[in-house]
Each structure stands twice: as C-alpha cells, then as structure tokens.
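J.: Before we start, here is the structure in question, set down as structure tokens.
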Amino acid sequence: AKINGTSASSSTSGEEKRKRLYVDKIPTDWSLDTFKARFQEFGKVTDVRIFERPGKKFGFVEFETSTEAINAIKAYGDSASRNPSLSVSFSIDKQSQANQQRQNRKRHLAKELIKLAAEDLLSPEKKQRRRK
C-alpha cells in the first residue's frame, strides 16, 4: 500500500525515521488523554501534543516505530467509523519544510532571470537604450 508517496511494505532508512504523525480536525471535545488513547491501540505512543486555534484543533502523535505510525495512518484512512473527519498523515519536520521553501524560491528566481535574459536577447533596441 502507498502512504503519502511511500510504500508501506518497504523499510528504508528515511521511512524508519517517520514515526511522527500530524493529526488535523481533532474533535473539540477530545482531551489530550482521549487523543492519546485513540492512537495507543496502534503501538507505544512516545509523544502527544494538541494545539488549538479558534475553530481548529490539531496535534502530533509520535510512535516508537514507523510500523506503528503506518498502521495508524492506514486505520484512520480506511475506516470512516473511527472518526470520519479526522485527517492523519506523516508530519513534515521544520527543516525539510524550510529546505523545500528555499528550493521553491531559487526556482522562482531562476525562472525570472531566464525570462529577463530572454527579453533582453529578443529586443536589441532595449540594449541600445541602456547604453545611452
């Protein structure tokens, strides 16, 4: 089975590190203990955190192994009876997110530079105006 682009049956070193889940749309009446209890059935929970903003409750749950995390994702993805509104996926660490944003900015700047260079090459009269 594929989970967020990774194969659930393979065991790569990157996947072994993926033990932390992001949980969105947590019911507002769930306490920290309720949240933790809902995930303990999949394995040993090593860390649980809940955050609340007006109209939104989300959190993170970390398991001892990636297999336990994968099982939780599968269970919440496959069973609407558990909680149909709950959204469970692997969390993205801040460093990876920052690196991705940096790469996106570099790509955008490179495209802009190419566009400006192409405009410059296509219009020789612009070059002549700049030289004056």
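The values are calculated or read from the model by the stated rules, or taken from the named source; none is laboratory data. These figures come from a predicted structure and were not determined experimentally. Here the Cβ positions follow ideal geometry from the backbone for every residue, glycine too, while neighbour counts run over all protein chains shown. Note: accessible area is taken over every heavy atom of the protein model, side chains too, but ligands, DNA and RNA are not part of it. Shrake-Rupley method; radii C 1.70, N 1.55, O 1.52, S 1.80 Å.
J.: Kindly check whether there is at least one residue in region 62-73 that is touching a Lys or Arg at 6+ places or on another chain (Cβ under 9 Å), surrounded by 10 or more Cβ atoms within 10 Å (Cβ to Cβ) and modelled with pLDDT under 90.
T.: For region 62-73, residues touching a Lys or Arg at 6+ places or on another chain (Cβ under 9 Å), surrounded by 10 or more Cβ atoms within 10 Å (Cβ to Cβ) and modelled with pLDDT under 90: absent.
J.: Of everything in region 55-75, what is assigned to a strand (DSSP E or B) and closer than 9 Å to LYS19 by Cβ? Give them in sequence order.
T.: Within region 55-75, the first condition is being assigned to a strand (DSSP E or B), and the residues that meet it are 56-63.
Correct list: GLU62, PHE63.
J.: Looking only at region 74-108, count every residue that is farther than 22 Å from LYS56 by Cα, among the polar types (S, T, N, Q) and at pLDDT 70 or above and tell me the total.
T.: Number of matching residues: 5.
J.: State the number of residues belonging to region 37-54 that are of a type in the set (Val, Ile, Thr) and not in a strand (DSSP E or B).
T.: If we filter region 37-54 for residues that are of a type in the set (Val, Ile, Thr), which is where we start, we get 45-46, 48, 50.
Now restrict to residues that are not in a strand (DSSP E or B): none.
Counting residues in region 37-54 that are of a type in the set (Val, Ile, Thr) and not in a strand (DSSP E or B) gives 0.
J.: Oh, and also: With (1) open to solvent by 20 Å² or more (accessible area, probe 1.4 Å); (2) touching a Phe, Trp or Tyr at 6+ places or on another chain (Cβ under 9 Å) as the list, and LYS57 as the residue in question, which single condition is left unmet?
T.: Exception for LYS57: condition (1).
J.: PHE51 - would you say it is modelled with pLDDT of 90 or more and either small (Gly, Ala, Ser) or over 16 Å from the mean Cα position of the chain (by Cα) (or both)? First the steps, then the outcome.
T.: On the way: modelled with pLDDT of 90 or more: yes; either small (Gly, Ala, Ser) or over 16 Å from the mean Cα position of the chain (by Cα) (or both): yes.
Criteria met by PHE51.
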